[in-house]
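Report on the following structure.
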């Protein structure tokens, strides 16, 4: 089922997600719905907060992006990114490994708004998958950026929080308009 994606200005986007203690049929259904929603909106990642739930859950799939490469290491060895997708991360922890690199980002909760965001180019990730199994990997490139963007969501951090003041000031009219439209929609 395609879920509504909440927009900037919706309070849940600022909420830290609760850890998921048990993978229930409800959580499995939510994961399936989040993938369906992400694909319908042509995204590469979606956090539970973006569908109105403050949980430590995100889904990612970078297979559709060919102009921004990703790298993946499993147990210290290079691995096939496409073969590792789609990716479910429950209660993820991310540790920066690489140097900070600027790159373009957008967000389904901020339609048509993009900005340059600086993030570590390589991160180590520990999480649980949809089957309750531990997942550990190192990733770089777009996958690293997507993981960090989505994990930020799980902590109530938005990509605009990572922008330079100048970049955010430049986007201020669009951000204010989106936030105002969201507030009106929430009242109705």
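Structure notes:
- Given (1) touching a strand residue (DSSP E or B) at 6+ places or on another chain (Cβ under 7 Å); (2) part of a helix (DSSP H, G or I); (3) without any contact (Cβ under 8 Å) to a residue 60 or more places away in the chain, number of the condition residue 174 does not satisfy: (3)
- For the stretch 57-66, filtered to residues that are farther than 23 Å from residue 12 by Cα and in contact (Cβ under 8 Å) with a residue 60 or more places away in the chain, the residue that is surrounded by the most Cβ atoms within 10 Å (Cβ to Cβ) is 62.
- For the stretch 67-101, the set of residues classified as over 24 Å from residue 128 (Cα atoms) and surrounded by 12 or more Cβ atoms within 10 Å (Cβ to Cβ) consists of 68, 69, 101, listed by residue number.
Conditions (1) at pLDDT 95 or above; (2) in contact with a strand residue (DSSP E or B) (Cβ under 7 Å, 6 or more places away or on another chain), marked per residue:
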position	(1), (2)
128	yes, yes
134	yes, yes
140	yes, yes
146	yes, yes
156	yes, no
159	yes, yes
164	no, no
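- Cross-chain or 6+ apart pairs with Cβ under 7 Å, the stretch 119-139 first and on the phi > 0 side of the Ramachandran plot, then surrounded by 16 or more Cβ atoms within 10 Å (Cβ to Cβ) and not in a strand (DSSP E or B): 132/23
- In the stretch 123-142, the residues that are within 21 Å of residue 27 (Cβ to Cβ) and not in a strand (DSSP E or B): 129, 130, 131, 132, 133
- Residue, surrounded by the fewest Cβ atoms within 10 Å (Cβ to Cβ), within the stretch 104-122, restricted to residues that are part of a loop (DSSP other than H, G, I, E, B) and within 15 Å of the chain's Cα centre (by Cα): 108
- Candidates 125, 101, 88, 97 - the one that is farther than 26 Å from residue 166 by Cβ and over 16 Å from the mean Cα position of the chain (by Cα): 97
The values are calculated or read from the model by the stated rules, or taken from the named source; none is laboratory data. Because the structure is predicted, anything quoted here is derived from the model rather than measured. Neighbour counts are summed over all protein chains in view; Cβ atoms, including those assigned to glycine, are modelled from backbone coordinates with ideal geometry.
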